[in-house]
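A.B. asks: Attaching a single structure in structure tokens format; questions to follow.
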Amino acid sequence: MAIVTFSRQLASFGDEVSRIVAEKLGYDYVSRDDLERKIVELGFPFEKLHKYDEKTPGFFASLTKDRDEYLDYLQTAILETASKNNCVIVGRGSSVILSDLENHLSFRIIASENDRIRRAMDFLQADEKQAKKRLAAADKQKLGFYKSFFDVQIDDPSLHHAILNTTLLDFHSAADMICAAVNSVITAKKEASAKVRIEELLICQRIVNMLILEYGLNINFLRATARGGKVTLHGVADSSAIVERALMITQAELPEYKVESAVNVVQDFKAYQQ
């Protein structure tokens, strides 16, 4: 019936709340480890995950093709998971990637700084200074991840259907509020609309993966959008010939769609370290 995504501060008990929600709704629970395994199964090298996975890419890491490949695999993993419906997905930009779906609800779990410090001290068996340092680093990495890959501020309230504070709410109360929202907001009409939309998103992601990963076309920041029987390619290339080839491949793959380009052609454009 619905797709529920969570973002959470470290030591906010977001994982605990999201698990309870999945149990109460009878939905599949998709954890950090589950998504990590799926990204690797799809083809992204495990040894490169640490450079990108829910953290700010370093300067040189952000300028390599690995960055875009990681994003392609991540989006594929989340879209394929969401296409099965009735699931709870935690983190990894899922709230942004799925924001266009009418049967998607996004929640953010937070807690007061004092509670987070106390919880981190207990969990890490650390002193207050060490706990504060760990929390600050985690917050910085997550903010950087969402800014770098999705150009959003994850703590922006407008990104979420609701923000719940586990300093003020216990796990089950927070979970009950979320389940009530899911059951009252999601309708059969919204679910049907979302099914069509996620099929379009999967088609777009499949085309991007094909052009970049299979054909190796040098179109930087490539993405595709689909609406009303039309697929549009976006990105930056250094040759119009590459764009024409991308259009031909896409049209052959999707004969039922009208295919057009919004790719910018910039001579001698070099975005990546080789």
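The values are calculated or read from the model by the stated rules, or taken from the named source; none is laboratory data. Note that this is a predicted model, so its numbers are computed, not measured. No Cβ is skipped: glycine too gets one built from the backbone with ideal geometry, and neighbour counts run over all protein chains shown. Heads up: the accessible areas ignore ligands, DNA and RNA and are worked out on the full protein's heavy atoms, side chains in. Shrake-Rupley method; radii C 1.70, N 1.55, O 1.52, S 1.80 Å.
A.B. asks: Report, by residue number, each residue of segment 226-244 that is in a strand (DSSP E or B), over 17 Å from residue 198 (Cα atoms) and hydrophobic (A, V, I, L, M, F, W, C).
C.D. replies: 233, 236, 237
A.B. asks: Pull up segment 196-219, narrow it to residues that are of a type in the set (Asp, Glu) and surrounded by fewer than 18 Cβ atoms within 10 Å (Cβ to Cβ), then point me to the one that is nearest to residue 246 (Cα to Cα).
C.D. replies: 214
A.B. asks: Any residue in segment 218-237 that is β-branched (Val, Ile, Thr) sitting within a Cβ distance under 9 Å of a residue that is open to solvent by 20 Å² or more (accessible area, probe 1.4 Å) and part of a loop (DSSP other than H, G, I, E, B)? List the pairs, counting only those 6 or more apart or interchain.
C.D. replies: Taking only residues 6 or more apart or on different chains, the pairs are 231/257; 236/266; 236/269; 236/271.
A.B. asks: Same structure again: Got at least one residue in segment 37-53 being of a type in the set (Phe, Trp, Tyr) and farther than 19 Å from residue 139 by Cβ?
C.D. replies: For segment 37-53, residues of a type in the set (Phe, Trp, Tyr) and farther than 19 Å from residue 139 by Cβ: present.
A.B. asks: For residue 180, state whether it is exposed (fewer than 13 other Cβ atoms within 10 Å of the Cβ) and modelled with pLDDT under 95.
C.D. replies: No, not satisfied.
A.B. asks: Evaluate the following for residue 186: is it under 23 Å from the mean Cα position of the chain (by Cα) and open to solvent by 20 Å² or more (accessible area, probe 1.4 Å)?
C.D. replies: The answer is no for residue 186.
A.B. asks: What is the residue count in segment 250-268 for residues that are part of a loop (DSSP other than H, G, I, E, B), of a type outside the set (Ser, Thr, Tyr) and surrounded by 14 or more Cβ atoms within 10 Å (Cβ to Cβ)?
C.D. replies: 1
A.B. asks: Can residue 191 be described as in contact with a helix residue (DSSP H, G or I) (Cβ under 8 Å, 6 or more places away or on another chain), open to solvent by 30 Å² or more (accessible area, probe 1.4 Å), farther than 23 Å from residue 39 by Cβ and not in a loop (DSSP other than H, G, I, E, B)?
C.D. replies: Taking the combined requirement at face value, the residue does not satisfy it.
A.B. asks: Of 55, 38, 48, 24, which residue is of a type in the set (Lys, Arg), under 19 Å from residue 184 (Cα atoms) and in contact with a helix residue (DSSP H, G or I) (Cβ under 6 Å, 6 or more places away or on another chain)?
C.D. replies: Of the residues listed, the single one that is of a type in the set (Lys, Arg), under 19 Å from residue 184 (Cα atoms) and in contact with a helix residue (DSSP H, G or I) (Cβ under 6 Å, 6 or more places away or on another chain) is 24.
A.B. asks: For residues that are in contact with a strand residue (DSSP E or B) (Cβ under 9 Å, 6 or more places away or on another chain) and either part of a helix (DSSP H, G or I) or open to solvent by 60 Å² or more (accessible area, probe 1.4 Å) (or both), tally how many sit in segment 1-15.
C.D. replies: Residues in segment 1-15 being in contact with a strand residue (DSSP E or B) (Cβ under 9 Å, 6 or more places away or on another chain) and either part of a helix (DSSP H, G or I) or open to solvent by 60 Å² or more (accessible area, probe 1.4 Å) (or both): 3 in total.
A.B. asks: What residue, of 247, 217, 222, is of a type in the set (A, V, I, L, M), more than 24 Å from residue 98 (Cα to Cα) and outside any helix (DSSP H, G or I)?
C.D. replies: When all the criteria are applied, what remains is 217.
A.B. asks: Can you name the residue in segment 16-40 that is touching a Leu at 6+ places or on another chain (Cβ under 9 Å) and open to solvent by less than 30 Å² (accessible area, probe 1.4 Å) and is also nearest to residue 69 (Cα to Cα) among such residues?
C.D. replies: Once the filter is applied, the top-ranked residue is 39.
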